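Peer 1: One structure follows; several queries about it will come next.
The values are calculated or read from the model by the stated rules, or taken from the named source; none is laboratory data. If you're wondering where the values come from, they're calculated on a predicted model, not measured in any experiment. Note that we place each Cβ from the backbone using ideal geometry, even for glycine, and neighbour counts take in every protein chain shown. Areas reflect the complete protein model, heavy atoms only, side chains present, ligands, DNA and RNA absent. Shrake-Rupley method; radii C 1.70, N 1.55, O 1.52, S 1.80 Å.
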Amino acid sequence: MRSEVRMARLTESLLPELLACAVADADPLEVMPPVPGPDGWTTERHQAFLSFHRSRALAPEPVEDTYVILLAGRAAGAARLYPLDDAVEAGIWIGRSHRGQGVGTAVLAQLADLARTRGARRLYASTTAGNAPMRRILADLGATLTRDGDEVAAWLDLRP
């Protein structure tokens, strides 16, 4: 699966496809900050998703770099790198129908390579204690994991 996983920097033209992927294959709380209202993908959540990405990755001075995860040329999730001093924070969400197929492993490896190329010395990621697949992926890449209640913090040294 790894060779089929590509990442493309999020653009305004890819944003509708990313939204469609999220609506079809993820819960809103998995892909964006909470929005008040009934559960599910409401019109307000569609707009909030678009606004969130426009304000963070598509702004004139972006806060973070966001990538659309592509499988066979179609959106399957998103990944991001957010600068932190000499490190970067990585974030990933993958549509439910694509989980358990090696996508997370491929994407996290690509994010680490991007961060290393940009001069970051460390990569940070956080997950929950219940997210065993992501904890395993992070550990397999060599990250040091620490647990505080339900939160798990992972640090990966990117220096050669």
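Peer 1: Roughly how many Å² is the accessible area per residue of region 22-124, as a whole number, for a 1.4 Å probe?
Peer 2: On a per-residue basis, region 22-124 sits at 50 Å².
Peer 1: Scan (1) 64, 44, 27; (2) 45, 34, 31; (3) 57, 31, 27 for the value of Cα extents along the principal axes in Å calculated from this model and give just the label.
Peer 2: It is the one labelled (2).
Peer 1: Using the charge dipole of region 1-157 (Lys, Arg: +1 at Cβ; Asp, Glu: -1 at Cβ; taken about the Cα centre), state which of Thr11, Gly73, Met134 has its Cα farthest towards the positive end.
Peer 2: Positive-end residue among those listed: Gly73.
Peer 1: Something else now. Within region 1-40, what whole-number % of the accessible surface is contributed by carbon and sulfur, with the 1.4 Å probe and all protein chains included in the calculation? Walk me through the intermediate numbers first.
Peer 2: Working: 1390 of 2390 Å².
The nonpolar share, carbon plus sulfur, comes to 58 percent.
Peer 1: Next question. Please list, ordered by chain and number, the residues whose modelled amide H lies under 5 Å from the amide H of Val152; skip anything fewer than 5 residues away on the same chain.
Peer 2: Thr127, Thr128, Ala129
Peer 1: Nothing charged except the Cβ atoms of Lys and Arg (+1) and of Asp and Glu (-1): what's the magnitude of the dipole of the chain about its Cα centre? Round to the nearest 20 debye.
Peer 2: Values: 18 positive and 20 negative charges, 99 e Å.
In total the dipole reaches around 480 debye.
Peer 1: On a full-extension model of 0.36 nm per residue, what is the gain between Asn131 and Glu44, subtracting their alpha-carbon distance, rounded to one decimal in nm?
Peer 2: Once the chain is fully extended between Asn131 and Glu44, it gains 28.5 nm.
Peer 1: Using the reciprocal of the averaged 1/r over all distinct C-alpha pairs, how large is the Kirkwood radius of region 34-113 in Å?
Peer 2: About 14.1 Å for region 34-113.
Peer 1: Report the antiparallel proportion of the DSSP beta bridges in the chain as a percent, rounded to a multiple of 5.
Peer 2: Rounded to the nearest five, the antiparallel share is 90 percent.
Peer 1: I've got another one for you. Top mean-square fluctuation among Val23, Val35, Val107, Gaussian network model of the chain, C-alpha springs under 10 Å?
Peer 2: Val35
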